[in-house]
Structures are given as structure tokens and as C-alpha cells.
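Please read the structure below before turning to the comments.
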Amino acid sequence: MASRSDISARIAELGLVAIIRTPTRDLVLPACKAIIKGGLTVVEVTMTVPDALIALREMSEKFGAQALIGAGTILNAQQCHAAIDAGAEFIVTPITKPEIVVAAHQRDKPVMLGAYTPTEAQLAHEAGADFIKIFPADKLGPGYIKNIRAPLPHLRVVPTGGVDLQTAPEFLKAGCVALGVGSSLVSAEILKNKNWAELTRVSAEFVRVVREARK
């Protein structure tokens, strides 16, 4: 079983976290399969999906050998433990709640603790978060990340919200260690039409863009 440090290294190496947030559970597995087929092998399912823990377990059992499967929108320690029991290899939360770090680290799993302000980001770091999820980043932009990291260069920032194929390179240049991609990848249109080939194409394009931006 991979250690917390090994999992963190894999996330940073790819530099992308695909976020699956679907209206029904039946869409999760085909979406996950399409994303992995495109080479994006770090995938998070949010706890807002109906029967999310069942979906997480199914993802872990089916794709755990090919990809890192994680759980998002975790709001407390109890949810964290339940997600890890269901197969989550990493934990993501939109809020600054230190008890989630404690719970994840008890199980040797990395956690992305949510933050919005510089104070929240630093408190998340001091709580032991492996990554700082700046959320929502769509109104803040890469310039905000750059400004935060000027006095706080130790922060391992993963912005979520507002990250698309156009903004991804700028977020990376601003010093982000990885990017969380949700609706710009798993779009409502793709889900509506079950256009898994398009999801694979977009996933591959994100992987390519990140690789090029890091050169």
C-alpha cells in the first residue's frame, strides 16, 4: 500500500486532479474510465454525488490499480474515515478544518485542506495539510496565487475553480504544485450526452498542456 508521501508525490508529479461531480451515481464509473483513458490518473469523486461512498468504492475496486482515487467535499473527520474505508487514497475538502488533517494522517493519507485567504492558507499549512486547495479560484486568478506565495512560498497550492485549458499554464507559472479541474473537464454537456470520447480527449489535452507548461 502506497504511503502518504508516495501518494503526494504522484499527485504533484502529474500536476492534475480530475474532479467528478455528477447528478447521478451511474455516470461516475464511465466518467472515471474516460478520464483515465486520457492519461489523467488522479481522480476525485465528490461526496455531493448521490451514494458517493458506493461510487467511491466502485471506482477504487475497478480503477485503483490504474489511478489514484480520492474523495472530495469531505467536511469532517467522520466523513474522512468513511471515505478512506471506501478506498480513497487522498482526501480533499473545500474548508479549513484541521480535524480532517488529523483523521487523514491517522490513516497515512494526504489531504488538501481548503482555504481562500492568506490567513486560512497559512493556518491550513500549520495544521499539517499536504496541499492547500485555494477555492474558489475563479474570481482570484493566477495573480492572486502569485501574490500569496510571495510571502508564503512554502505553500503547496492546488487551485480549484476557474482552472481551464487557457488558465492552466498561468496557474502553474504562479507556483501551483497541481491543479484541480472540475466542470472545465467533466462538463454538464459531456455528462448530458454521455460523450465519453470527448471527455477522454479533453483529459489528454489537460495532461499535454500541463506537461508543456512545466517545460
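Looking at Val45, Val49, Val28, which is the one that is of a type in the set (Val, Ile, Thr), surrounded by 15 or more Cβ atoms within 10 Å (Cβ to Cβ), farther than 22 Å from Arg201 by Cα and free of Cβ contacts under 8 Å to residues at least 40 places away in the same chain?
On the way: Val45 fails: farther than 22 Å from Arg201 by Cα; Val28 fails: farther than 22 Å from Arg201 by Cα.
Every option except Val49 fails the conditions.
Applying the selection to the stretch 96-117, what residues are crowded, with 16+ Cβ neighbours inside 10 Å and over 17 Å from Asn76 (Cα atoms)?
Passing the criteria: only Tyr116.
Tell me the residue from Met59, Met47 that is closer than 18 Å to Ser183 by Cβ and under 16 Å from the mean Cα position of the chain (by Cα), please.
On the way: Met59 fails: closer than 18 Å to Ser183 by Cβ.
When all the criteria are applied, what remains is Met47.
Would you tally the residues in the stretch 97-142 being among the small types (Gly, Ala, Ser), under 12 Å from Cys80 (Cβ atoms) and in contact with a Ser or Thr (Cβ under 8 Å, 6 or more places away or on another chain)?
The initial filter retains those residues of the stretch 97-142 that are among the small types (Gly, Ala, Ser), namely 103-104, 114-115, 121, 124, 127-129, 137, 141.
Now drop any that are not under 12 Å from Cys80 (Cβ atoms), which leaves 103-104.
With in contact with a Ser or Thr (Cβ under 8 Å, 6 or more places away or on another chain) added as a condition, the list becomes none.
Residues flagged as among the small types (Gly, Ala, Ser), under 12 Å from Cys80 (Cβ atoms) and in contact with a Ser or Thr (Cβ under 8 Å, 6 or more places away or on another chain) within the stretch 97-142 amount to 0.
So, restricting to strands (runs of 3 or more DSSP E) that lie completely within the stretch 6-112, which ones have at least 2 residues that are within 25 Å of Glu189 (Cα to Cα) and modelled with pLDDT of 95 or more?
Numbers: elements: 16-20, 42-46, 68-72, 90-92.
Fully inside the stretch 6-112 and qualifying: 16-20, 42-46, 68-72.
Have a look at Ala124, Ala137 and point out the one that is among the aliphatic types (A, V, I, L, M), touching a Gly at 6+ places or on another chain (Cβ under 8 Å) and assigned to a loop (DSSP other than H, G, I, E, B).
Working: Ala124 fails: assigned to a loop (DSSP other than H, G, I, E, B).
Of Ala124, Ala137, the one residue that is among the aliphatic types (A, V, I, L, M), touching a Gly at 6+ places or on another chain (Cβ under 8 Å) and assigned to a loop (DSSP other than H, G, I, E, B) is Ala137.
Which pairs have Cβ atoms under 7 Å, sit 6 or more apart or on different chains, and link a residue in the stretch 98-116 that is closer than 10 Å to Ala129 by Cα and touching a residue at least 24 places away in the same chain (Cβ under 8 Å) to one that is aromatic (Phe, Trp, Tyr) and in a loop (DSSP other than H, G, I, E, B)?
Pairs found: none.
Which one is farthest from Val92 (Cα to Cα), of the residues in the stretch 161-189 that are free of Cβ contacts under 8 Å to residues at least 24 places away in the same chain and in a helix (DSSP H, G or I)?
Glu189
Which residue pairs have Cβ atoms closer than 7 Å, lie 6 or more positions apart in sequence or on different chains, and pair a first residue in the stretch 120-135 that is within 11 Å of Pro98 (Cα to Cα) with a second residue that is in a strand (DSSP E or B) and not small (Gly, Ala, Ser)?
Ala124/Leu113; Ala124/Ile132; His125/Ile132; Ala127/Leu113; Ala129/Val111; Ala129/Met112; Ala129/Leu113
The values are calculated or read from the model by the stated rules, or taken from the named source; none is laboratory data. Since the structure is predicted, the reported quantities are computational estimates derived from the model, not experimental observations. In this analysis, Cβ positions are derived from the backbone assuming ideal geometry, glycine residues included, and neighbour counts consider all displayed protein chains.
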